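Take a look at the structure below.
The values are calculated or read from the model by the stated rules, or taken from the named source; none is laboratory data. Given the structure is predicted, the values throughout are model-derived calculations rather than measurements. All Cβ positions, glycine included, derive from the backbone under ideal geometry; neighbour counts span all protein chains shown. Note: accessible area is taken over every heavy atom of the protein model, side chains too, but ligands, DNA and RNA are not part of it. Shrake-Rupley method; radii C 1.70, N 1.55, O 1.52, S 1.80 Å.
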Amino acid sequence: MSSLKKIKIIKPDDWHVHLRDQDILEKVIKYTQMFYQRAIIMPNLNEPIIDCKKAIAYKNRIINLSKNKQFTPLMTCYLTKDTSLKELQHGFTEKIFIGSKLYPNQSTTNSKTGINKISEIFHILELMQKIKMPLLVHGEENNNNIDIYDREAKFIEKTLEPLRKIFPELKIILEHITTKEAVSYIEENNSPYLAGTITPHHLMLNRNNMFVHGIQPNLYCLPILKRKIHQNALRKAISNGSTKFFLGSDSAPHIQKNKINQIGCAGIFNAPSSLLCYITVFDEMKALKYFESFCSKNGPNFYNVPINKESITLVKKPYKILEKVSIGKDFIKPFLSGETLTWSVL
Ligand code: DOR
Ligand code: ZN
């Protein structure tokens, strides 16, 4: 019986979000704070967050632009082959960083100083394993000879699995997973050292949606939307109550002129509706009983931080998603802008 109209859960956290900087940060921050108590802030700014000083300064800019002073930004260190071990250890023990982010070179926005060959950073991973610092991973093998739809599965086979053999106790989060291969890899390993985050857009859409009535640049993101069979695997993964999967919206705002361009940027700005999208999918999958653990428990348990004390109530009531967020003369178009969802926040 789907008579459930109201659901109160522990306030969730977003374990993967891009807030950008300056005028965009100022405009988008409130949407993340509307739903989430804490959020892991991605470090891929134009000038990436590669050390403690940059992380502290960026965190302060986020806090200064926040109306909601309860909100906690959790910072990550962008790994390069030159990342200093001393810096990393200091950043983690002093709680400046919650983890480090691995971007394969040229795999996505601002990844030109990312890692070319994983062996370049074995000394860093060894330290991270020792001090129990989590590794957040953009899991795509970036190589033009590999089909873009196969890059995640290839990354698991060629990079992740060998890496986990060398560093079996390194805590790894395979972020924004998009394939049945990633789902089964995480489920089958069932390891305390391996988890995955899932975005609302990869749960709601598949690659066909990118080509409805022509090309839909606002649905272009990385890893790219996959076939329906993969979408269904993700939907199933969150519906069976596994504690290895949790919320990471990957909200990634770009101003419209950079999306609709000769070279369009990858990223979907879902912050204004992410939590409502997730509950819509859990509801459709008749899996609302696992909604709270996905949003509010599995993440903190994996990252070994306390579960929030606050709560949030969602109601089954139509909610129209805003059309745009103005940024100077331009704007950012939110995911599902102008559409109506069946759930809203009380
Ligand atoms: O679509 C994406 N956008 N994927 C990423 O990995 C990065 C993000 C961004 O920063 O724009
Ligand atoms: Zn991202």
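Things to note:
- The fraction of accessible area contributed by carbon and sulfur in the range 12-312 is 49 percent, rounded to a whole number (1.4 Å probe; ligands and nucleic acids excluded).
- With 21 Å as the limit on Cα-Cα distance, the pairs of K11/K289; K27/K259; K69/K171 that go past it are K69/K171.
- Relative contact order (percent, whole number), the range 1-138, Cα cutoff 8 Å, 6+ residue spacing: 20
- Surface calculation, 1.4 Å probe, protein heavy atoms: K132 sits at approximately 150 Å² accessible.
- Note on the chain: dipole from Cβ charges, positive end direction compared against L160, I40, S296; the farthest Cα belongs to S296.
- For the pair the range 319-346 / the range 70-142, the C-alpha centres are spaced 32 Å from each other.
- Taken about its Cα centre, the range 89-204 carries a charge dipole of roughly 380 debye when the Cβ of each Lys and Arg holds +1 and the Cβ of each Asp and Glu holds -1.
- Per-residue accessible area (protein heavy atoms, 1.4 Å probe) orders M285, M128 as M285, M128, starting from the largest.
- Backbone HN-Hα couplings from phi across the range 71-77 [Karplus 6.51/-1.76/1.60, Hz, Gly and Pro as x]: 6, 10, x, 10, 9, 10, 9
- Over the range 12-312, the pair-distance histogram of Cα-Cα distances with 20 Å bins from zero comes to 36, 62, 3 percent, rounded to whole numbers.
- Between the listed residues L135, Y193, Q70, the Cα displaced farthest toward the positive end of the dipole of the chain, a dipole computed from Cβ unit charges relative to the Cα centre, is found at Q70.
- Net dipole in debye of the chain [+1 Lys, Arg Cβ; -1 Asp, Glu Cβ; about Cα centre; nearest 20]: 960
- Here C77 sits with roughly 0 square angstrom of accessible surface, probe radius 1.4 Å.
- Peptides 223-230, 254-261 ranked from most to least packed give 223-230, 254-261, packing being the mean of other C-beta atoms within 10 angstrom over each peptide's residues.
- Across the protein chains, with a 1.4 Å probe defining accessible surface, the residues H138, H123 rank H123, H138 from largest area downward.
- Computed helical MRE - 222 nm, the chain, DSSP H runs ≥ 4 contributing -39500 (n - 2.57), nearest 500: -8500 deg cm²/dmol
- Straight-distance candidates among the lysines for linking to K81, with alpha-carbon spacing under 16 Å and chain neighbours fewer than 8 residues away dropped: K101, K112, K117.
- Annotation: the antiparallel percentage among DSSP beta bridges lying fully within the chain is about 30.
- Ligands, DNA and RNA are left out, and with a 1.4 angstrom probe the accessible area of the range 12-312 is 42 Å² per residue.
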